[in-house]
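So the structure is just underneath, and the comments pick up after that.
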Amino acid sequence: MKRYRYNKIKEIVQSKAIETQEELAAALLEEGIEVTQATVSRDIKELMLIKIPTGDGHYRYALSPEENVVLSRSRINRLFQDSLIKVDHSLNQIVLHTIPGSAQSVAFSIDHAKWSELIGTLAGDDTILLIARTEADVPIILERIQDLMKD
């Protein structure tokens, strides 16, 4: 449901001038998705939406055009430090446990890092499954994760 909601939010902000969280919640409701203001606020943060001027003195939500700035090393470090609770592994699989609601943001940052040792990620609400190409790649990935969790 969260991924579907995220896709709808992206569609909405690209097709309509949404200025407030309340307007976004109303647009989602028109799509049959009922959300609280807290959920909309968290979604905006996790989707890294920005506000851009509309030209008439108002602002609207938009997708960030500068992904590299959004995914800076310091931001990724903070995300891992604030979100990761536990890391476990078996064979070529690594499981990351996060605080509730953070798994997709962490998985997004890993996906966009394009680690060659990873086949892919699968994220739920508070758990991420990483699949390494080989068992030998697991220590490399674990070291990267540990490195991202350091100050």
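The values are calculated or read from the model by the stated rules, or taken from the named source; none is laboratory data. Treat the numbers as computed from the prediction; the structure is a model and nothing was measured. Cβ: placed from backbone, ideal geometry, glycine included. Neighbour counts: every protein chain shown. Remember, those area values only see protein heavy atoms, side chains included, never the ligands or the DNA or RNA. Shrake-Rupley method; radii C 1.70, N 1.55, O 1.52, S 1.80 Å.
Couple of notes before you dig in:
- Criterion (within 16 Å of the chain's Cα centre (by Cα) and either on the phi < 0 side of the Ramachandran plot or touching a residue at least 24 places away in the same chain (Cβ under 8 Å) (or both)) met by exactly one of ARG133, ARG60, ARG144, ARG75: ARG75
- Matching residues, region 103-151, being out of contact with any strand residue (DSSP E or B) (no Cβ under 8 Å at 6 or more places or on another chain) and hydroxyl-bearing (Ser, Thr, Tyr): SER105, SER109, SER116, THR134
- If only residues of region 20-43 that are part of a loop (DSSP other than H, G, I, E, B) and open to solvent by less than 60 Å² (accessible area, probe 1.4 Å) are counted, the one that is nearest to ASN7 (Cα to Cα) is ILE33.
- Residue that is surrounded by the most Cβ atoms within 10 Å (Cβ to Cβ) [pool: residues in region 107-139 that are out of contact with any Lys or Arg (no Cβ under 8 Å at 6 or more places or on another chain) and acidic (Asp, Glu)]: ASP137
- Any hit, region 84-106, residues being open to solvent by 30 Å² or more (accessible area, probe 1.4 Å), in contact with a helix residue (DSSP H, G or I) (Cβ under 8 Å, 6 or more places away or on another chain) and acidic (Asp, Glu): no
- Among (1) of a type outside the set (Val, Ile, Thr); (2) in contact with a strand residue (DSSP E or B) (Cβ under 8 Å, 6 or more places away or on another chain); (3) surrounded by fewer than 15 Cβ atoms within 10 Å (Cβ to Cβ), the one test that GLY57 misses: (2)
- Selection of region 140-151 for residues being touching a Leu at 6+ places or on another chain (Cβ under 8 Å) and open to solvent by 50 Å² or more (accessible area, probe 1.4 Å) yields only MET149.
- Here the strands (runs of 3 or more DSSP E) wholly within region 44-136 that include at least 1 residues being at pLDDT 90 or above are 59-62, 84-90, 93-98, 118-123, 127-132.
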